[in-house]
Amino acid sequence: MERREAVKYISILLGGALIGGDSFLLGCKSNTGKEMEFSPDQIAYLDEIADTIIPTTSSPGAKAAKVGQFMTIMVNDCYEAGDQKVFKEGMQMLNKASKEKYSKEFIQLSPAERKEFLITLDKEAKAYQEKVKAFNDKENAKEVEARNSGKKYERQKMSPHYFTMMKQLTLLGYFTSEIGCTQALRYNPVPGKFEGCVDYKKGDKAWA
């Protein structure tokens, strides 16, 4: 799956723009982001979060695709400084929320508890992102009004929810990995033979 297709695919799946998507498409580092260090334990922690989002089924899960490592690369190369901060602090916030609900860290939760916890967190993130969307719509209107008046307008920004970032990066990392493309998605080499009409059977995997 090519970068542009991957970004479009993830945006459709989650119903919102991919954070850091422009930098990912250009294949270059963000101008404002700084190099953040992630320890092996932190990468392993991200792997466990990702593997709860995309667990092993008939296909290998996110951990097998090394999505935790992918997340750290994306945060360093494609996120602006403010978003980097939200992501890194979000790792701590997720663990704190886990302790408050289950009296133990996320890494210590059972698979069932992890799933239950992330489903709740996902609902929270979606509600928050609706507020972000409303805020951005207002900023867009202000920017257009200023432009029509020949004035400059400095956009304000509302930070995204940290779990939205984690979920986006999990999906992006997985479905652009070799495992995701060849085992979770039906893989068609590009360039390759073009077939305009292909019969679809219920339950078929999406094409990569």
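The values are calculated or read from the model by the stated rules, or taken from the named source; none is laboratory data. None of these values were measured; they are calculated from a predicted model. When we count neighbours, we look across all protein chains shown, and the Cβ atoms used for this are built from the backbone with ideal geometry, even at glycine.
Summary table
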{"item": "Whichever residue in region 49-73 is in a loop (DSSP other than H, G, I, E, B) and among the hydroxyl-bearing types (Ser, Thr, Tyr) and, among such residues, is nearest to Lys167 (Cα to Cα)", "result": "Thr56"}
{"item": "Test: residue in region 184-191 that is under 24 Å from Pro55 (Cα atoms) and modelled with pLDDT of 95 or more", "result": "no"}
{"item": "First in region 56-68 and more than 16 Å from Ile43 (Cβ to Cβ), second anywhere and modelled with pLDDT under 90 and among the small types (Gly, Ala, Ser), Cβ under 6 Å, 6 or more apart", "result": "Ser59/Ala184"}
{"item": "Scan of region 78-106 for residues that are among the acidic types (Asp, Glu) and touching a Ser or Thr at 6+ places or on another chain (Cβ under 9 Å), ordered by number", "result": "Glu80, Asp83, Glu105"}
{"item": "Test: residue in region 126-136 that is under 18 Å from Val67 (Cα atoms) and either within 15 Å of the chain's Cα centre (by Cα) or at pLDDT below 90 (or both)", "result": "no"}
{"item": "Extreme residue, modelled with the lowest pLDDT, among residues of region 55-73 that are crowded, with 17+ Cβ neighbours inside 10 Å and hydroxyl-bearing (Ser, Thr, Tyr)", "result": "Ser59"}
{"item": "Members of region 74-107 that are outside any helix (DSSP H, G or I) and surrounded by 20 or more Cβ atoms within 10 Å (Cβ to Cβ)", "result": "Tyr79"}
{"item": "Flag for Thr170 being within 18 Å of Glu80 (Cα to Cα) and in contact (Cβ under 8 Å) with a residue 60 or more places away in the chain", "result": "no"}
{"item": "Scope region 55-99; condition under 16 Å from Lys115 (Cα atoms) and of a type outside the set (A, V, I, L, M); matching residues", "result": "Pro55, Thr56, Thr57, Gly61, Lys63, Asn95, Ser98, Lys99"}
{"item": "Candidate set: region 108-146, residues that are among the hydroxyl-bearing types (Ser, Thr, Tyr) and surrounded by fewer than 16 Cβ atoms within 10 Å (Cβ to Cβ); chosen: the one nearest to Lys63 (Cα to Cα)", "result": "Ser110"}
